[in-house]
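The values are calculated or read from the model by the stated rules, or taken from the named source; none is laboratory data. What you are looking at is a predicted structure, and each value in this text was computed from that prediction instead of being measured. Cβ atoms come from the backbone with ideal geometry, glycine included; neighbour counts cover every protein chain shown.
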Amino acid sequence: METIADFEVQYSQFLDPDGKPSDDVPALATDTDKLIEMYSLMTETRVFDTKAVNLQRTGKLGTYASCLGHEATHVGIAAAMRPDDVLAPSYREYGAMLCRGVTMTEILLYWGGDERGSDIAGPRNDFPFCVPIATQCLHAAGAAMAFQLRGEDRCAVSINGDGGTSEGAFYEAMNIAGARKLPVIFMVVNNKWAISLPIEMQTASETLAQKSVAAGIPGIQVDGNDIIAVRHWVERALARARNGEGPCLIEAVTYRLSDHTTADDSSRYRKDEDVEKARAVEPLPRIRQYLTDLGVWDEKKEAALQKDAAAKVAAAVKLYLDTPKPSIESMFDYMYAEWPELLEEQREHAIRYDGSNGDPHG
Amino acid sequence: MAEVALIDALTMAMAWELEHDPSVVVLGEDVGVNGGVFRATAGLQKRFGADRVQDTPLAEGMIAGISIGMAAQGMRPVAEIQFMGFIYPTVDQIISHAGRMRNRTRGRLTCPMVLRAPFGGGIHAPEHHSESTEAIFAHMPGIRVVIPSSPTRAYGLLLAAIRDPDPVIFLEPKRIYRLNKQNVEDNGKALPLDVCYILREGTDVTIVTWGAMTLETMKAAEQLAEEGISCEVIDLATISPLDYETILESVQKTGRLVIVHEAARTCGVGAEVAAIVAEKGMYDLEAPIRRVTGYDVIMPLFRREMDYMPSVRKIVDTIKETFEN
Amino acid sequence: MSTFNLPDLGEGLPEAEIVEWHVAEGDTIRTDDPLVSVETAKAVVEVPSPQSGVITKLYANTGDIVPTGAPLVDFDEASQDAAAAPVKKEQSAATVVGNMPTGNEVLEETAIPGRSRKNKTGRIKATPSVRTEAKRLGIDLAAVNPSGKNGQVTIADLNQHHQSTQEPQTSKPPVRRSSAPTGQAEPLRGPRRAMAQSMSLHRDEVAACTIFDDADINDWLNKKDFTVRVLRALAAGCAAEPALNGFYYADSMSHQKESRVDVAMAVDTPDGLIVPVIRNVEAMSLEKIRGAVADLKKATMDRTVAPQDMLNYTITLSNFGMLAGRYATPLMVPPTVAILGTGKLQHDVVAVMGGIEVHRRMPLSLTFDHRCVTGGDACRFLAAVIEDLGKPQ
């Protein structure tokens, strides 16, 4: 027998957990303005995320999926994108969304049970949160198809988790993207857990990057806690796609430091010491350390950043809490472009019974 | 005998079958180590091992598909879909294969599987977690759709579903997972499928409902009793195939029918009940058949969720309207 | 002072157990500082403080179980900061998020599996449009003879009933069919119910004996005057033998003979047997009897026979043989002691003076209560009836 095909998977890290740069660190590593911008956003995301969990615990937010530990991955992806590119997230990528102009208040409205949270004012063409796992991969491929057909040099980026790589939709999306050389990047955020299922039981594949081999597209693995690595490789992938060279898969390895959502208790299925081991290599300290070592960051700046972030979050929370619930008619307003008669009677019925059901949530 | 909630009764039923029938396998996402996101399978993997209670990779189509494969080869898989909002990838497998296996092989191969999923709204959950689309499966020949509404019926009906030689979609109204308790004897006794359960006898109007809506309906019945209207409340339990004999018998007695379901109105299962009674019970009717349902809109996020659902007041008002001339 | 209640910690969990307080009464706390650790059915959760302020009261101790929505801590009013203001407004609403209330209410199992109930109550069957029309016409559906295939009242039935109540009854009453659909038990109502009751009473009390004979009516000049002639004959029988015209009281074992002859006449209607009474037949001429019978027929069809018109009769007549039936063992209702039944008129071969002739005859069946009436009494009575019936007019 002769070998007719082979594959290899490459791994990239530029900043180690202590913030020490590798020898082959790219030019991005010297662009301290960009780095500080991204680090600031990572910090804001962290502060926002912590507050959101607290809001849930005090009954002011519904179930919420924390992004603790994913900040470098999320911010790195979005920072590499152009404003006219399109993002198709799952339901955890707040760092990416905030970077692209979604507001904290909009995110809170969504988890607070208000559809207006998905009517985002900033990136109007981005897809909203996507709960059915990996279905967004196909949407990204479709967006890329539209760009290709219209001759635009825009790109689509989908983000899904390790669990999502088991879904058929994930493979179907890669396959069509590869067959047609669609300008789409498949970001796989491997945080090691799909609710209670560890990555070891999710698949026999040694890496998730190599799932790209089946679709005939390139795939690499990066350290998802390394903001420089994430941004660098996403930029390269986008440039390649814009150039007509087709899609690729980037696996960003990180760790889900929080529970799956506020309704989950991860202590039931994983050990505290494993979580703490992961926390020791989490993304924020290393970039902070790197910037400090470069002489462009210090404790005073850190304190100012924290204060600023807290103020931004507090303002967003206040706006969210002050938003009255949507009108009863809004249940019907967006079912079709044109109003079908069938709904008229039901709409009147709903208006008649508005507020009569005694729901104390308000 | 133990006082258990609906969710615990499900665990008891699965444990009983796992113990007494070696061909039963429980599978799904997070059902093993985690015991299920609602704890429906809590303790089962510890007791029966990881081969009999399996944590699967994240793929609903796969879960349904391999269940069909296992069932056709003599096993009895009891698969869990985490929420009905994620059941749609299974629809291809269920409709194209599970419902057809017996028919297209002339009985040579069959599909004795159960697909369980929490369904229904009212718990202020995020998007896609409040679905009530049982009508999709009810429309398909070859499968059963069963919805319990109390701990004892959950126990008895799940046992029946697992033992049933045909595929069963077992939808669990999550709003009443822990609402109340009942004394449920863990005796392995199944309740009959394909039969309605009369929750309250009455003489003036028949109300057909199922799932968590039995709650609001019983409350409405109590309220109306004080006003002199005697309601007979029937829980479909088996949504498909329908036990229309019990419904027709009741309408023969009362002359009035109101159907309550939280699912959207158009082509909901209520439409089928109404059609059957219009066809076979027309001469017993004294008033038009009425339905109290969710609206034909996407279930709103939870700030407006309760406005979408049928409420006690909506049910009471509609029943009263059947007495107007 | 504001109270913070235990919020829903995850998709509607019912309660939580206090694992550890991170504050004590009197402590000052800031928003988001850890307040208390609680354990739910799903997890151990740390609840942060919703506001800043001084803790003035803790509502539970370590180890206590607190239901979702129940008070947890009190904050001192004066020490709230601006950011907490909206919290206070939302507090009572915010703390009952999640509508999967759980409880420890234990349900009784009251459900009845379907198809296990056998008792069915019959209702009048009719389409809604027929019901509306009936209402408009002021017709009680129960009075209408249903002819529908499923036992339902049709619009034609309504119209026929409506017409028949406007016009006098001229035609022979149509054959009555039972209106209930077959295959299911229908509770008896109205006259049928009454019949069941009175016949049961007969069976329980009376010592019934029946004598059969025939009256030769070949010589009748008016060939059609059946009911009227029979009534007169009955009165003749009572005159000849009053023992059969009256009452027997079993408790006192006493027999009450009457001189008035009030005859209860059994009439078959769609609703069943009704038995209106013609009073004082002994005092009536043939003409008068004829008039009384006509009035009675009309009243029966119009359903205007009043309850008192059916009481207090002394003897019963049953012209059962309209269609078929020669002899019968008719049953009277105690305390009366006799009932005469007339069968279908026959053309019989009779022996006359050594020869054979065909004579029109009326079969007679006389049931009497043998507790107080002897066979002799009965025969004397019957002989008088037969003799009167035999007269040409």
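Observations, loosely collected:
- Here residue B:243 clears all of (1) more than 19 Å from residue B:157 (Cα to Cα); (2) out of contact with any helix residue (DSSP H, G or I) (no Cβ under 9 Å at 6 or more places or on another chain); (3) within 13 Å of chain C (Cβ to nearest Cβ); (4) not polar (S, T, N, Q) except the condition numbered (1).
- Some residue of the range C:127-134 being at pLDDT 85 or above, within 21 Å of the chain's Cα centre (by Cα) and more than 7 Å from chain B (Cβ to nearest Cβ): yes
- With respect to the conditions (1) out of contact with any helix residue (DSSP H, G or I) (no Cβ under 8 Å at 6 or more places or on another chain); (2) touching a residue at least 40 places away in the same chain (Cβ under 8 Å), residue B:111 falls short on a single one, namely (1).
- Counted residues, the range A:33-81 - those being in a loop (DSSP other than H, G, I, E, B) and either more than 12 Å from the chain's Cα centre (by Cα) or more than 22 Å from residue A:228 (Cβ to Cβ) (or both): 10
- Residue C:331 being under 21 Å from residue C:238 (Cα atoms) and more than 31 Å from the chain's Cα centre (by Cα): no
- Being under 60 Å from the mean Cα position of the chain (by Cα), closer than 26 Å to residue A:269 by Cβ, part of a strand (DSSP E or B) and touching a residue at least 12 places away in the same chain (Cβ under 8 Å) holds for only one residue in C:46, C:17, and it is C:17.
- Those residues of the range B:259-273 which are buried (at least 21 other Cβ atoms within 10 Å of the Cβ) and over 17 Å from residue B:197 (Cβ atoms), in sequence order: B:262, B:263, B:268, B:270
- The residue list A:246, A:224 contains one member that is assigned by TED's automatic domain parsing to the domain that holds residue A:189 and on the phi > 0 side of the Ramachandran plot, which is A:246.
- Any hit, the range A:5-15, residues being without any contact (Cβ under 8 Å) to a residue 40 or more places away in the chain and buried (at least 17 other Cβ atoms within 10 Å of the Cβ): no
- For residue A:350: the one exception among (1) within 26 Å of residue B:297 (Cα to Cα); (2) more than 9 Å from every other protein chain (Cβ to nearest Cβ); (3) of a type in the set (A, V, I, L, M): (2)
- Among the residues of the range B:284-297, the ones that are in a helix (DSSP H, G or I) and either within 24 Å of residue A:351 (Cβ to Cβ) or away from chain C (no Cβ under 12 Å) (or both) come to 0 in all.
- Every residue from the range B:36-51 that is more than 10 Å from every other protein chain (Cβ to nearest Cβ), under 16 Å from residue B:116 (Cα atoms) and not aliphatic (A, V, I, L, M): B:41
- Contacts under 9 angstrom Cβ, first residue in the range B:152-164 being within 14 Å of another protein chain (Cβ to nearest Cβ) and within 12 Å of residue B:186 (Cβ to Cβ), partner small (Gly, Ala, Ser) and surrounded by fewer than 24 Cβ atoms within 10 Å (Cβ to Cβ), 6 or more apart: B:152/C:111; B:155/B:190; B:156/B:190
- Tally, over the range B:86-129, of residues that are on the phi > 0 side of the Ramachandran plot, over 17 Å from the mean Cα position of the chain (by Cα) and either within 14 Å of chain C (Cβ to nearest Cβ) or crowded, with 22+ Cβ neighbours inside 10 Å (or both): 2
- In the range B:69-98, the residues that are in contact (Cβ under 8 Å) with a residue 60 or more places away in the chain and part of a helix (DSSP H, G or I): B:71, B:84, B:94, B:98
- Residues located in the range B:177-195, provided they are out of contact with any Lys or Arg (no Cβ under 8 Å at 6 or more places or on another chain) and within 8 Å of chain C (Cβ to nearest Cβ): B:177, B:178, B:179, B:180, B:181, B:182, B:183, B:192
- Scan of the range A:227-265 for residues that are away from chain C (no Cβ under 14 Å), of a type in the set (D, E, K, R) and in contact with a Lys or Arg (Cβ under 9 Å, 6 or more places away or on another chain), ordered by number: A:231, A:242, A:245, A:251, A:256
- Residues that are part of a helix (DSSP H, G or I), under 26 Å from residue A:102 (Cβ atoms), more than 10 Å from chain B (Cβ to nearest Cβ) and free of Cβ contacts under 8 Å to residues at least 60 places away in the same chain, drawn from the range A:315-347: A:315, A:318, A:322
- Looking only at the range A:167-188, and only at residues there that are part of a strand (DSSP E or B) and not aromatic (Phe, Trp, Tyr), the one that is farthest from the chain's Cα centre (by Cα): A:184
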